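Data first, discussion second: the structure below is written as structure tokens.
Any read-out appearing in this document is the output of simple, stated calculations on the displayed coordinates, not a laboratory observation. The shown structure was predicted, so the numbers you read here are calculated from the model rather than taken from an experiment. Reconstructed Cβ throughout: ideal geometry from the backbone, glycine too, with neighbour counts over all protein chains shown.
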Ligand code: M6R
């Protein structure tokens with residue numbers, strides 16, 4: 001059942017190339033036009049929505065946070081990302097021109113169910129990005145875009161996260177195509193880039209031993225911080241969540257730009273800090289994050305850096321560099337998160353913990 005792996009989580013990490021490939025499968029024609037027939041929402045509604053609100057919890061919310069950058073860029077529609085359990089308690093501004101996108105692996109998360117019920121009562125259309133066929137969220141939404149990750153058994157979400165980001169990108173590109181935005185000519189190029197991701201993820205899996213040995217050597221670490229900018233920010237949050245839930249280590253993710261607004265006070269000699277570095281092909285973003293590595297390194301932090309292949313600017317400030325293949329900025333989360341998943345699982349295993357079934361957690365949270 002575990003495909004020769006010790007844990008479901010390891011198996012599911014290794015399922016990720018297929019999860020992404022399957023989520024892309026059959027969703028475009030030979031000319032690179034997206035065909036999402038399964039979206040039962042009238043095209044005229046999708047053409048006129050003036051706001052998108054993503055509602056989700058935990059890892060699914062981080063997928064939504066990644067998607068915000070892409071959808072706003074491609075579609076020029078404002079995207080808010082709201083934790084589902086906060087949504088209906090704050091009297092959100094929702095009306096018939098709002099598209100609410102609910103993201104959920106299980107489709108049974110009660111907080112998210114209550115959020116979509118509230119949204120529909122206000123007249124909004126709800127589009128669900130869900131992994132489980134026939135689940136409550138799938139049934140109660142106006143439209144469903146299924147992720148095809150296959151069953152996810154380990155409590156910690158991995159392949160669902162990658163397939164949720166992939167599905168969100170399909171949605172963003174579809175809206176861009178439908179609404180005739182300036183990126184419409186590039187939809188086929190973006191789809192081609194998405195199509196290259198399964199091989200890139202596989203490359204990272206083939207190199208997992210390096211990450212595992214660093215994680216094993218760090219098994220007595222008490223606290224790890226994660227820094228990222230732009231789409232690297234939700235990846236930092238996800239890296240921290242994985243480590244908390246699996247290894248019971250204090251872990252916090254920050255927007256790298258926030259460092260000097262407070263978190264830098266936490267840096268003392270020996271503090272472990274993961275830094276997710278954007279591609280050097282986006283120098284404005286890249287240079288700022290490299291400065292952040294220098295800042296924490298100068299204060300004695302142990303710097304664990306995730307950087308693109310060939311980016312040597314990070315070498316002098318990094319204790320360890322985990323390399324990821326060259327990838328367009330918006331798609332980098334699909335590669336940069338993989339070493340963080342492997343790291344958390346390996347560290348938890350080195351501590352002798354139950355990787356698949358961490359204490360106090362349920363796979364789907366069916367109470368509010
Ligand atoms: O089934 P869902 O995607 O709705 O679950 C949402 C969260 O409960 C889930 O992602 C949780 O944060 C995971 N344990 C994270 O690994």
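Quick one: check the C-alpha center-to-center distance for region 179-233 versus region 125-159, whole angstrom.
Using only Cα atoms, the two centres lie 22 Å from each other.
Using only the alpha carbons, work out the radius of gyration and Dmax of region 275-368 in angstrom.
16.4, 48
Distance between the C-alpha centers of region 340-365 and region 276-339? Whole Å please.
25
Helix 208-217 versus the longest principal axis of the chain: what is the Cα-based angle in degrees, 0 to 90, to the nearest 10?
Around 50 degrees separate the two axes.
Against the longest alpha carbon principal axis of the chain, how many degrees, from 0 to 90 and to the nearest 10, is the axis of helix 58-75 turned?
70
Give the Rg (one decimal place) followed by the Dmax (whole number) of region 159-202, computed from C-alpha coordinates and expressed in Å.
My reading of the Cα-based Rg and Dmax gives 11.4, 34 Å.
Ranked highest first by the average count of other Cβ atoms within 10 Å around their residues, in what order do 272-281, 25-34 fall?
With the highest mean Cβ count within 10 Å placed first, the list reads 272-281, 25-34.
With both bridge residues required to lie in region 1-129, what share of the DSSP beta bridges run antiparallel, to the nearest 5%? Display every interim value, and only then the final one.
On the way: 1 of 16 bridges.
Of those bridges, close to 5 percent are antiparallel.
Defining a contact as two alpha carbons under 8 Å apart and six or more residues distant in sequence, what relative contact order in percent does the chain show?
Relative contact order, the chain: 19 percent.
Highest mean first, what order results for 116-124, 14-22, 163-171, 247-255 on Cβ atoms within 10 Å?
Descending packing order for the listed peptides: 163-171, 14-22, 247-255, 116-124.
Given region 218-327, what whole percent of its Cα pairs are spread farther than 21 Å?
Taking all Cα-Cα pairs of region 218-327, the fraction more than 21 Å apart is 27 percent.
Helix 283-298 sits at what angle to the longest principal axis of the chain, using alpha carbons and giving 0 to 90 degrees rounded to 10?
Approximately 40 degrees, to the nearest ten.
I need the Kirkwood Rh of the chain: take the reciprocal of the average 1/r across all distinct C-alpha pairs and report it in angstrom.
Value: 20.7 Å, from the Cα pair sum.
Tell me, rounded to the nearest percent, the portion of alpha carbon pairs in region 14-123 spaced more than 18 Å apart. List each step's numbers first, then the result.
Working: 3454 of 5995 pairs.
That fraction is 58 percent.
Report, in deg cm²/dmol and to the nearest 500, the calculated mean residue ellipticity at 222 nm for the chain, where each DSSP H run with n ≥ 4 adds -39500 (n - 2.57) and the sum is divided by the residue count.
Values: 13 runs with 162 residues, N = 368.
Theoretical 222 nm ellipticity from helices: -14000 deg cm²/dmol.
First obtain the Kirkwood hydrodynamic radius of region 91-206 from its Cα pairs, then insert it into the Stokes-Einstein equation at 20 °C and 1.002 mPa s, and state the resulting D in µm² per second as a whole number.
138
Which value does Rg/Rh take for region 1-77 over its C-alpha atoms, Rh per Kirkwood?
On the Cα set of region 1-77, Rg over Rh gives 1.06.
For the chain, give me the percentage of DSSP beta bridges that are antiparallel, rounded to the nearest 5 percent. Intermediate results must be reported in sequence, preceding the final value.
Details: 1 of 42 bridges.
Bridges in the chain that DSSP calls antiparallel: roughly 0 percent.
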